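This report concerns only the one structure given below.
The values are calculated or read from the model by the stated rules, or taken from the named source; none is laboratory data. Computed from a prediction, not measured in an experiment: that's the story for all the values here. Positions of Cβ are generated from backbone atoms using ideal geometry, with glycine treated the same way; all protein chains shown enter the neighbour counts.
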Amino acid sequence: MPLTEADQRRVEEAEAEAQAPGSSKLLVRSPPDSQKLGSITVMCLILNRTIGSGIFVTPALVLKATNSVGVSLFLWSLGALFGLCGLLVWLELGLSIPKFQPPDQSPESYGAAAEDEIALENVPRSGGEKNYLEYIYKDPRFRTTCMYGLVFVVLGNLAGNSVALGQYVMRAAGDPDNTHAIRGLAIAALTGACLIHGLWRKGGIVLNNVLALIKVLILMAVIVIGFAVAAGASFGNGPVGKAAVKANFDIHKSFQDPNGDVGSYARSIVYIVYSYSGFKQPFYVLSEVSQPKKRFAKATIGTMLLCAVLFILANVAYLCAVPKDRVLEYTDLDMANLFFQDIFGNELAPRVMSGIIALSLFGNIVVMTFTAARVKQEIAKEGILPFSLFFARSTTTPYALLKQKLSSSMETVLEESPATALFLHWVFAVILVAATSSTSPFVAYTVLVLLYAYTLVIMLGFFVATGVLYLRFAKGREWTDSLGFRPWGGPTAAIIYSCTCAFLIVGVFITPSPTSPFSFQSTGIQPYIVPAVGLSTLVIGYCYYLVFAKVIPRLRKKVLIVEREPIIVRQGGSQNGEWVQILEVVEFWWAERQTKET
């Protein structure tokens, strides 16, 4: 990254200070321009996380829960609106905070009287909702960080998807009941994803992009095949489309006799919302994105609109080949497998589809591992974890070291990865897989996905969206005058997102009917257990805060001081370039408590 002379001097001073003998400061670099994530990668982060088990498995669950083709399609459309509203809320925050004073606008250069008039710059930072919650709910110190950090460190992984991956691999292999192999494959997938990103950063990014493209093509193939079948085409099992279209899309039957079960509706929406929640992924790595103010909003909004269209068309395509009554008859097959079985009329097609779904699930794990490890690194930078400096560091990847050795590369900044944060991510993902090993793979997947969706998507989403409304109506012009992104409709997106999350937080506690796929009779898990555990994480997080910020300082008679000094520069060295964070100096120490004089 070419820098101005002044920027280069500040970078060198920060590096020299951090690397001085006896220094306890940690230097964490952001990727240089050549390693920044472009718009295509940003789009692929969303696509690879969004297209997964949700669109292949969830349509059958939603149809069984609602007993109505029309209602299930309507809920998927509402889910698309919810996802778009969430994206607009995250864009408003992500491109507006944190705010920094540009180094070329110091008070000394303008005079003391002008200090209050200096414009602060929005410099995007990795971490996603961690940054937003800390900005909104800033008092008392450490409370928000501890409560969010504990939840995300423990639950911020796709352990549920890894179990489902193992299940689909074994289905493809023709041995779906081998639970030990399923758990082993789950751990292997989590391990493989962590190793890929830890050993070779660029390789992990390329893999993510390739898998995203493959999944888009697979979904488009499903859509084309479904509509071809509806038009009368046969792929080996005769023209099954005419009967399915007549059964599912008759205007007098599509909305006939829907279930009036609020608990099932609430859970259906939660699973649909989980499917659309991939929009968060690029926000977790925002400081690694190239020119975020210029390109980020367009790339993410366009991708979410594409996902919405693909998801709704895929649901219609499924129903062009599979009658509703056939879905209701089966308890162990998902929609994608039923779709291919009915169209091709043999047992090979569902096994092939199981392999495709397993590949899709591995894509989910790859992208979540890449982004979640960065969030855990940001959490560690706050000093709230045991061995925080260890987990906050980045290390040069083995691939970069090997490349330098073999090619005598003259690159000044080799690629780095948060290897220790990846290890932390792996540990808790494996713990969750092991903790659910006494249940069937289906129950483990259902519980882990619902727990993730309830806590990290719904519950935290409520606090973020409500916080935006607080900033808009309580802070007023202080907030709206300095926005880096202005969402369409002003606060409308935040209102919709907040109200929907509030309904789901309560609605999931409502007991589904005995015939629901979410009932105790179907899953063997009492419906209130998962949401109760989800809410209890707030209590556990608050207790962690009390121990960390109140009990330990009293016992040590010291307080923790955390300093995070970002070095921001103009990207590309141009006077018109965006302000970006090039590196950060992190330091913690325990200082003597100040006592009041008597």
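What's the number of the only condition in (1) assigned to a helix (DSSP H, G or I); (2) crowded, with 19+ Cβ neighbours inside 10 Å that Glu382 fails to meet?
The failed condition is (1).
Could you pull out the residue among Phe152, Phe142 that is under 22 Å from Val468 (Cβ atoms) and either aromatic (Phe, Trp, Tyr) or touching a His at 6+ places or on another chain (Cβ under 8 Å) (or both)?
Within the list Phe152, Phe142, the selection yields Phe152.
Of the residues Lys202, Lys215, which single one is touching a residue at least 60 places away in the same chain (Cβ under 8 Å), basic (Lys, Arg) and under 20 Å from Lys403 (Cβ atoms)?
When all the criteria are applied, what remains is Lys202.
I need the full set of residues from segment 411-434 which are among the aliphatic types (A, V, I, L, M) and touching a helix residue (DSSP H, G or I) at 6+ places or on another chain (Cβ under 9 Å), in order please.
Result: Val413, Leu414, Ala419, Ala421, Leu422, Leu424, Ala429, Val430, Ile431, Leu432, Val433, Ala434.
Okay, residues lined up against (1) within 23 Å of Ala308 (Cβ to Cβ); (2) part of a helix (DSSP H, G or I); (3) in contact (Cβ under 8 Å) with a residue 12 or more places away in the chain:
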| site | (1), (2), (3) |
| --- | --- |
| Val169 | no, yes, yes |
| Pro176 | no, no, no |
| Val206 | no, yes, no |
| Asn209 | yes, yes, yes |
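Select from segment 440-455 the residues that are over 12 Å from Ile182 (Cα atoms) and among the polar types (S, T, N, Q) and write down the one among them that is modelled with the highest pLDDT.
Thr455
Is it true that some residue in segment 8-21 is of a type in the set (Lys, Arg), at pLDDT below 90 and over 30 Å from Pro517 (Cα atoms)?
yes
Report whether or not Glu13 is out of contact with any Lys or Arg (no Cβ under 7 Å at 6 or more places or on another chain) and more than 30 Å from Met304 (Cβ to Cβ).
Taking the combined requirement at face value, the residue satisfies it.
Tell me, which residue of segment 251-287 that is under 17 Å from Leu460 (Cα atoms) and of a type in the set (S, T, N, Q) is surrounded by the most Cβ atoms within 10 Å (Cβ to Cβ)?
Checked segment 251-287; the qualifying residue surrounded by the most Cβ atoms within 10 Å (Cβ to Cβ) is Ser275.
Being part of a loop (DSSP other than H, G, I, E, B), polar (S, T, N, Q) and at pLDDT below 90 is the filter here; which residues of segment 469-512 pass it?
Hit for segment 469-512 is Ser482, nothing else.
So in segment 288-338, with the set limited to residues that are assigned to a helix (DSSP H, G or I) and of a type in the set (Gly, Ala, Ser), which one is surrounded by the most Cβ atoms within 10 Å (Cβ to Cβ)?
Step by step, filter segment 288-338, then rank; the result is Ala336.
In this structure, is Ser417 of a type in the set (Gly, Ala, Ser) and more than 30 Å from Tyr399 (Cα to Cα)?
Taking the combined requirement at face value, the residue does not satisfy it.
For the subset of segment 224-250 comprising residues that are within 12 Å of Ile343 (Cα to Cα) and of a type in the set (Val, Ile, Thr), which member is surrounded by the most Cβ atoms within 10 Å (Cβ to Cβ)?
Filtering segment 224-250 for residues that are within 12 Å of Ile343 (Cα to Cα) and of a type in the set (Val, Ile, Thr), the one surrounded by the most Cβ atoms within 10 Å (Cβ to Cβ) comes out as Val229.
Residues checked against (1) surrounded by fewer than 16 Cβ atoms within 10 Å (Cβ to Cβ); (2) modelled with pLDDT of 90 or more; (3) acidic (Asp, Glu); (4) in contact with a helix residue (DSSP H, G or I) (Cβ under 9 Å, 6 or more places away or on another chain):
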{"site": "Gly541", "(1), (2), (3), (4)": "no, yes, no, yes"}
{"site": "Tyr545", "(1), (2), (3), (4)": "no, yes, no, yes"}
{"site": "Ile552", "(1), (2), (3), (4)": "yes, yes, no, no"}
{"site": "Leu555", "(1), (2), (3), (4)": "yes, yes, no, no"}
{"site": "Val569", "(1), (2), (3), (4)": "no, no, no, yes"}
{"site": "Gly573", "(1), (2), (3), (4)": "yes, no, no, yes"}
{"site": "Glu578", "(1), (2), (3), (4)": "no, no, yes, yes"}
{"site": "Gln581", "(1), (2), (3), (4)": "no, no, no, yes"}
{"site": "Thr598", "(1), (2), (3), (4)": "yes, no, no, no"}
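Just one of Val71, Val11, Val62 is under 26 Å from the mean Cα position of the chain (by Cα) and either under 27 Å from Lys138 (Cβ atoms) or assigned to a helix (DSSP H, G or I) (or both); which is it?
Val62
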